[in-house]
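First comes the structure, then the notes that go with it.
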Amino acid sequence: MYQSMKGMLAKANAEGYAVMAINAFNLETARGVIAAAEEMNAPIIIDLLQDHVKAYFDCDILTVPIIKMAQAAHVPVAINLDHGHDIAHLKRCLQEGFSSVMCDASALSPEENARVTRGVVELAQIYGASVEAEVGHMGCAVGEDAHFTDYAMYTDPDVAIAFIKETGVDCLAVSYGSTHGDYPEGYVPTFHFDIVEKIKAATGAPLVLHGGSGAGDENMRRSVEVGINKINVGTDYMIVQREFVAKTLAENPDYDYPQLCEDSWRAGIDTIKHYIELSGSYGKA
Ligand code: 13P
């Protein structure tokens, strides 16, 4: 069942759980996401990161088969453009059939962020698509600009509350301690749940946790309790597949390559199932 995130997140909000949004970047990784959701009878969101779409995923060609897979699935599946900064590109994704888009104008001033997001909300309505936005920022644990999320990057609840009312977004990503990417071994981030609680109490809107990988099971559970309805996980799904490929080739360098491709996306399924369980969306399809 192919859907937008809107109804999916409204149900999650009403029933007190979160829908997992897993990053995929090709047909195989998308198949893994849908397979995990079907095994858990859970609604699911395939998050296609704008940078991945531009680099690896020909939107004109690959959106159609992913939508077909979503339509054939026996659980609700949404396709969401993740961190869409480039509005012209975001529009193209809507034209190609994405059921949801994230307009990430969080690097702009709150006023500009609201102005750009309002425009995307109006545009998405034409396509019947839902819109996620972001107030505050999340850092990235890896790469040249590695920077853990700090106090200055957290979401200001008052700004977020005004933003939700002003823009009419379907859900809002909030920064309260998570960072994108792979945390150092043994590190568990401190989450400031009061930020989520305050925004939820004032708006009742579906809220989103980014940077779910490695955030810790307890942080995840508590996030759902205080009002998070969408949890993004990408890195952990990629790492488990990369480790499978590395281990398999170390043990058998002659492993059949088509079989390796097939087995690697299947190797990611259990990780997604674990997150579905934590999110409370198990059996909620
Ligand atoms: P992780 O890769 O840290 O799980 O973050 C995913 C994400 O938030 C995508 O927007």
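The values are calculated or read from the model by the stated rules, or taken from the named source; none is laboratory data. In this text, all values refer to a predicted model and were calculated from it rather than measured experimentally. All Cβ positions, even for glycine, are placed from backbone atoms using ideal geometry, and neighbour counts span all protein chains on display. SASA here: full protein model, heavy atoms, side chains in, ligands and nucleic acids out. Shrake-Rupley method; radii C 1.70, N 1.55, O 1.52, S 1.80 Å.
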Query - Dipole magnitude of the chain about its Cα centre (Cβ charges: Lys, Arg +1; Asp, Glu -1), debye to nearest 20 - result: 940 debye
**Report entry** Degrees separating the helix 110-127 axis from the principal Cα axis of the chain, which is the longest one
**Finding:** 60 degrees
Query raised in the report: What accessible area, in Å² to the nearest ten, does a 1.4 Å probe give for His274?
Result: 80 Å²
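Return the loop-located chymotrypsin sites (Phe, Trp or Tyr not before Pro) in the range 81-168 (DSSP other than H, G, I, E, B) with at most 11 other Cβ atoms within 10 Å of their own Cβ; answer none if there are none.
Values: sites: Phe98, Tyr127, Phe148, Tyr151, Tyr154, Phe163; in loops: Phe98, Phe148, Tyr154.
Sparse-neighbourhood loop chymotrypsin sites (Phe, Trp or Tyr not before Pro): none present.
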Report summary line: Mean separation of Cα contacts under 8 Å (at least 6 apart) over the residue count of the chain, i.e. the relative contact order in percent, is 23 percent
Query - Dipole magnitude (debye, nearest 20) for the range 158-285, charges at Cβ of Lys, Arg, Asp, Glu - result: 540 debye
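When the helix-only estimate is applied to the chain (DSSP H runs of n ≥ 4, each -39,500 (n - 2.57), divided by the residue count), what is the mean residue ellipticity at 222 nm, nearest 500 deg cm²/dmol? Could the numbers behind the result be given before it?
Numbers: 12 runs with 144 residues, N = 285.
Using -39500 (n - 2.57) per qualifying helix, the result is -15500 deg cm²/dmol.
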Query raised in the report: Which of the GluC sites (Glu not before Pro) found in the range 95-177 are in a DSSP loop and have at most 13 neighbouring Cβ atoms, other than their own, within 10 Å?
Result: Glu144
Report summary line: If every Lys and Arg gets +1 and every Asp and Glu gets -1 at its Cβ, then about the Cα centre the range 4-56 yields a dipole, in debye to the nearest 20, of 180 debye
Query raised in the report: By the gyration tensor of its Cα atoms, with a ≥ b ≥ c the square roots of the eigenvalues, what is the shape of the range 1-148: rounded for a/c under 1.5, prolate for a/b over b/c, or oblate?
Result: rounded
Requested in this report: Classify the range 176-281 as rounded, prolate or oblate, taking a ≥ b ≥ c as the square roots of the eigenvalues of its Cα gyration tensor: rounded when a/c is under 1.5, otherwise prolate if a/b is larger than b/c and oblate if not.
Outcome: prolate
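Restrict the search to the range 1-87; then list the GluC sites (Glu not before Pro) that DSSP places in a loop and that have at most 16 other Cβ atoms within 10 Å of their Cβ.
Values: sites: Glu15, Glu28, Glu38, Glu39; in loops: none.
Answer by residue number: there is no such site.
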Report task. Provide, for the chain, the number of lysine pairs with alpha carbons under 22 Å apart, each pair being eight or more places apart or on different chains. Result -> 27
Report summary line: Expressed as a percent, the accessible surface of the chain that is carbon or sulfur, using a 1.4 Å probe and the full set of protein chains, is 52 percent
